[in-house]
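Below is one structure, written out as structure tokens; comments come after it.
The values are calculated or read from the model by the stated rules, or taken from the named source; none is laboratory data. The structure displayed is predicted, hence computed values, not measured ones. Positions of Cβ are backbone-derived with ideal geometry, glycine not excepted, and every protein chain shown enters the neighbour counts. To get the accessible areas, we keep the full protein, side chains included, count just its heavy atoms, and leave off ligands, DNA and RNA. Shrake-Rupley method; radii C 1.70, N 1.55, O 1.52, S 1.80 Å.
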Amino acid sequence: ATGIAGSSRGLLHRRMGKGAAGRRAPASSSDAKSLTNVYAPDKIAYNTQAVEYVRTFLSIVGGTATGIAGYTGLMGLLCFFLTNLLASMWVAYKAGPSPSPYFQSVRGEVLGGMMGGFGSFVLFWTMSNNFVHIYG
């Protein structure tokens, strides 16, 4: 339940696989340069899935809150970008000061998935806005 190689960081797992002799490959070492880019596909897939889950969840919560607050137009889109900024900050916090051991492409995980939750955000934004302000 610790997640990251003995730490209590939570959801993210290191991308490093096992080395040639069954040892864990070091994250960066001058004597093992050939093992620094060993990827564990299951860990990368798990990290990507965890980030997508958080982005979708925050999009749903943010869309609902935006609709209940009654924001429309550009204010609603600003709330979407703030929600995604919050998700990116969460990923950066969980990965720590050096996020490269957890993702194949750090920029792709932190910034690339911003549009992934847009549909969920808009759906819950309009639905909650209609329930509260039009039909309510």
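Note down the nm distance, to one decimal, between modelled labels 7 Å out along Cα→Cβ at ALA40 and at PHE118.
Result for the modelled spin labels: 3.5 nm.
Before I look further, what does segment 34-135 give for accessible area per residue, probe 1.4 Å, in whole square angstrom? Mind dumping the intermediate values first?
Values: 5830 Å² over 102 residues.
Here the residues of segment 34-135 average 57 Å² of exposed surface.
Quick one: 3J(HN,Hα) in Hz for segment 48-60, Karplus 6.51/-1.76/1.60 with θ = phi - 60°, rounded, Gly and Pro as x.
Each residue's phi maps through the Karplus curve to give 5, 5, 5, 5, 5, 4, 5, 4, 5, 4, 5, 5, 5 Hz.
What is the calculated FRET efficiency for LEU85 to GLU52, with r their C-beta to C-beta distance and R₀ = 25 Å, to the nearest 0.05? Show your work: numbers first, answer last.
Working: r = 17 Å, r/R0 = 0.66.
FRET efficiency, LEU85 to GLU52: 0.90.
What FRET efficiency would be calculated for the residue pair MET127, SER98, taking the C-beta separation as r and a Förster radius of 30 Å, to the nearest 0.05?
Values: r = 40 Å, r/R0 = 1.34.
Plugging the Cβ-Cβ distance into 1/(1 + (r/R0)^6) gives 0.15.
Under a point spin-label approximation (7 Å from Cα along Cα-to-Cβ), what is the LEU78-ALA65 distance to one decimal in nm?
The answer from the label model is 1.5 nm.
Given a 1.4 angstrom probe, I'd like the percentage of the accessible area of segment 38-130 that is carbon and sulfur, rounded to a whole number. The partial results should precede the final answer.
Working: 3560 of 4980 Å².
Roughly 72 percent, rounded to a whole number.
What value in Å³ per residue do you get for the convex hull of the alpha-carbon atoms in segment 34-135?
84
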